[in-house]
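S.K.: Handing you this structure, nothing more for now.
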Amino acid sequence: MEAKHLIDLDQLSPGELDEIIRLAQKIHSNPSAYMDRCHGRIMATLFYEPSTRTQMSFQTAMLRLGGQIIGFDNPSNSSVSKGESLQDTVRIVSGYADILVIRNPLEGSAYAASLYSRCPVINAGDGGHLHPTQTLTDVVTLSMELGRLDHLTIGLCGDMKNGRTVHSLIKCLSKYPGNRFVMISTPELRIPEYIEDVLRESGCTYEFRDTLEEAIGELDVLYMTRIQGERFASRAEYERQKGVYILDTQRLKLAKPTLKILHPLPRVDEIEQEVDYDPRAKYFEQAEYGMYARMALILKMIGQKYPPAKKIENEQGGHCTNPRCVTQSEGYLPKLYCEHGDVKECRYCNAKI
């Protein structure tokens with residue numbers, strides 16, 4: 001892989017992504033052939049917010065490859081609780097490990113970590129921004145279950161605004177020909193402007209729907225998401241959105257027999273448990289495919305060591321005002337921007353300047 005770090009799946013060329021998908025399929029077919037590939041290697045997992053599937057999937061992937069694990073899953077049990085900066089934590093831990101996996105509620109935190117790490121960094125979720133390895137899980141699942149990633153009608157339902165898994169999946173699948181996206185959400189939870197920009201630039205067909213019933217019959221894939229209470233400013237605001245979209249057996253009667261239902265999990269009440277027994281429900285298989293996807297990614301990335309970070313100068317262009325951006329709390333970070341036409345975006349969180 002040419003990319004030193006995996007912050008966004010956009011960093012992978014279509015060929016590199018296809019290589020990882022094929023490798024995941026090979027590992028799935030014959031896992032014992034890969035059991036010692038990471039013998040003597042160490043993976044550090046820095047999880048600043050709760051996680052079950054992502055953390056355990058990465059840990060299991062590394063253990064199945066014969067490697068070892070260090071890290072924390074609660075910042076109160078680390079020097080973070082004493083006020084240690086993200087920069088210092090990453091500088092220290094990347095000296096111990098061969099690969100570093102980070103989840104942090106601040107948007108752009110994984111990119112910030114990559115500026116100071118001496119080993120490859122994998123983004124395991126940065127706030128409501130991106131979640132590339134969940135998207136890798138999703139595309140491996142679709143490849144295994146459907147045999148293709150193109151010419152699909154993909155419905156995404158629930159929290160389009162804060163759903164980092166949705167953002168990453170749209171960015172990835174918009175690169176494949178013939179894909180059509182149907183976004184099902186309330187107006188308040190509509191996709192961010194920068195994701196709609198991605199869809200416009202890709203030339204993909206996309207539309208917005210208010211109800212699950214009016215869209216489900218058209219779909220090849222239904223990607224359900226939970227309404228994320230932890231992303232709302234207040235409990236009252238969350239309660240107004242909670243429970244609006246629920247997939248049950250009655251609504252499934254309107255769907256194609258070939259539909260594939262995915263969910264990044266955890267679920268709350270957006271998929272009723274009776275749906276679990278429908279053969280179209282693939283979210284538990286999806287979680288297992290994620291382990292093979294991460295095994296393949298680790299094998300492609302591990303083994304590189306980088307020199308200590310050099311000072312990066314601020315770029316001219318202004319200050320990011322996104323309150324969820326990592327630059328708001330890690331004030332030492334250099335001001336970095338990228339340009340899309342006449343628009344400047346924060347390089348950390350992609351918010352428009």
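The values are calculated or read from the model by the stated rules, or taken from the named source; none is laboratory data. Note that the structure is predicted; figures quoted are calculated from it, not measured. Note that each Cβ is placed from the backbone with ideal geometry, even for glycine, and that neighbours are counted across all protein chains shown. Ligands, DNA and RNA are excluded from the accessible area calculation, which covers all protein heavy atoms including side chains. Shrake-Rupley method; radii C 1.70, N 1.55, O 1.52, S 1.80 Å.
S.K.: Would segment 92-106 turn up any residue that is of a type in the set (S, T, N, Q) and out of contact with any Phe, Trp or Tyr (no Cβ under 7 Å at 6 or more places or on another chain)?
M.R.: yes
S.K.: Identify, please: which residue in segment 76-100 is over 18 Å from residue 311 (Cβ atoms) and among the polar types (S, T, N, Q) and is, among those, modelled with the highest pLDDT?
M.R.: If we take residues in segment 76-100 being over 18 Å from residue 311 (Cβ atoms) and among the polar types (S, T, N, Q), then 89 is modelled with the highest pLDDT.
S.K.: Within segment 4-41, track down each residue that is surrounded by 15 or more Cβ atoms within 10 Å (Cβ to Cβ) and of a type in the set (A, V, I, L, M, F, W, C).
M.R.: Scanning segment 4-41 gives 6, 7, 9, 12, 17, 20, 21, 23, 24, 27, 38.
S.K.: Scan segment 136-154 and give yes if some residue there is in a strand (DSSP E or B) and either open to solvent by 20 Å² or more (accessible area, probe 1.4 Å) or touching a residue at least 12 places away in the same chain (Cβ under 8 Å) (or both), otherwise no.
M.R.: yes
S.K.: Moving on to the next point. Return a yes/no flag: does segment 115-133 have any residue that is free of Cβ contacts under 8 Å to residues at least 24 places away in the same chain, over 21 Å from residue 324 (Cβ atoms) and among the hydrophobic types (A, V, I, L, M, F, W, C).
M.R.: No, segment 115-133 has no match at all.
S.K.: Same structure, new question: Residues of segment 139-164 being farther than 21 Å from residue 251 by Cβ and within 15 Å of the chain's Cα centre (by Cα), which ones?
M.R.: Those that are farther than 21 Å from residue 251 by Cβ and within 15 Å of the chain's Cα centre (by Cα): 139, 140, 141, 161, 162, 164.
S.K.: Still on this model: Name the one entry in 246, 261 that is open to solvent by 30 Å² or more (accessible area, probe 1.4 Å), modelled with pLDDT of 90 or more and not hydroxyl-bearing (Ser, Thr, Tyr).
M.R.: 246
S.K.: In segment 84-124, how many residues are more than 20 Å from the chain's Cα centre (by Cα), open to solvent by less than 40 Å² (accessible area, probe 1.4 Å) and acidic (Asp, Glu)?
M.R.: Of the residues in segment 84-124, 1 are more than 20 Å from the chain's Cα centre (by Cα), open to solvent by less than 40 Å² (accessible area, probe 1.4 Å) and acidic (Asp, Glu).
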